[in-house]
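Here the structure comes first, spelled out in structure tokens, and everything after it is commentary.
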Amino acid sequence: MKRSVVVISNRLPFVVTKNEDGEPVRKNSAGGLVTALAPLVIKNKGYWVGWAGNDLTEDMEIPESDDPTAIAHGIKASQIEPIYFSPEIFQSYYNGFCNATLWPLMHSLPTLAAFKSDQWNSYVNVNEMFANAAFQAVKKFDDYADRNNLVWIHDYQLMVTPMMLRNLLDEANISCKLAFFLHIPFPS
């Protein structure tokens, strides 16, 4: 059975940096997520939604990989749905709410959690950006009405993305499986 897939993670399977000439280039991302999921995206001609780093701006094209040994080499620029946000939003969303609030809570350390409403607002806004980008990726599938299509959302940075994406898909009458994988402990 053929299945189209969209992977959503906080970061893309690579970061975009600038070389000595100021041109954008891909830099390999480390970690097990890329190693495990890049082949799935490549084989199924899927999409990957994520943040590509501070050097990539909306007016720049995502470069193709020039490193045939890179795990994500086979993921074409056209298979990427990048998320753009300012360093200030990244600070509030990622370093703030994700790592200063959610991380301690998930590790059963509630006394270390910091709660700030502006960081929560950044978290919600960024999750909405991810949901919208994933929705656009799903609509690119030739068979986007196929119930076997899958959107696989990863980790605590994106815990409200599934609900937001489900609402967008339902409003558009698009049937699609959603999966969420939490890569950190859940407190008991």
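Checking the structure you have, find out if any residue of the stretch 106-116 is of a type in the set (Lys, Arg), under 23 Å from Lys45 (Cα atoms) and surrounded by 13 or more Cβ atoms within 10 Å (Cβ to Cβ). No: zero hits. A search for C-beta distances below 8 Å between a residue of the stretch 158-180 that is closer than 14 Å to Phe141 by Cβ and any residue that is of a type in the set (Gly, Ala, Ser) and surrounded by 14 or more Cβ atoms within 10 Å (Cβ to Cβ), counting only pairs 6+ apart in sequence or on different chains, returns nothing.
Scanning for something basic (Lys, Arg) and at pLDDT below 95, does the stretch 147-167 turn up at least one residue? There is at least one residue in the stretch 147-167 that is basic (Lys, Arg) and at pLDDT below 95. In the stretch 1-66, counting only strands (runs of 3 or more DSSP E) that sit wholly within it, the ones holding 3 or more residues that are modelled with pLDDT of 90 or more and within 21 Å of Trp152 (Cβ to Cβ) span 5-11, 47-51. Of everything listed in (1) within 16 Å of the chain's Cα centre (by Cα); (2) surrounded by 14 or more Cβ atoms within 10 Å (Cβ to Cβ); (3) closer than 24 Å to Val15 by Cα, the single unmet condition for Met164 is (3).
Are there any pairs with C-beta distances below 6 angstrom linking a residue in the stretch 57-68 that is closer than 20 Å to Pro87 by Cα to a residue that is of a type in the set (A, V, I, L, M, F, W, C) and surrounded by fewer than 15 Cβ atoms within 10 Å (Cβ to Cβ), with the two at least 6 apart or on different chains, and if so which? Listed pairs, sorted by first residue: Ile62/Ala77. Just one of the listed residues (Ile75, Ile71, Ile89) is in a helix (DSSP H, G or I) and not acidic (Asp, Glu), namely Ile89.
Can you spot a residue in the stretch 140-149 that is in contact (Cβ under 8 Å) with a residue 24 or more places away in the chain and in a helix (DSSP H, G or I)? For the stretch 140-149, residues in contact (Cβ under 8 Å) with a residue 24 or more places away in the chain and in a helix (DSSP H, G or I): absent.
The values are calculated or read from the model by the stated rules, or taken from the named source; none is laboratory data. All values reported here derive from a predicted model rather than from experimental measurement. As a convention, Cβ positions derive from the backbone with ideal geometry for all residues, glycine included, and neighbour counts pool all protein chains shown.
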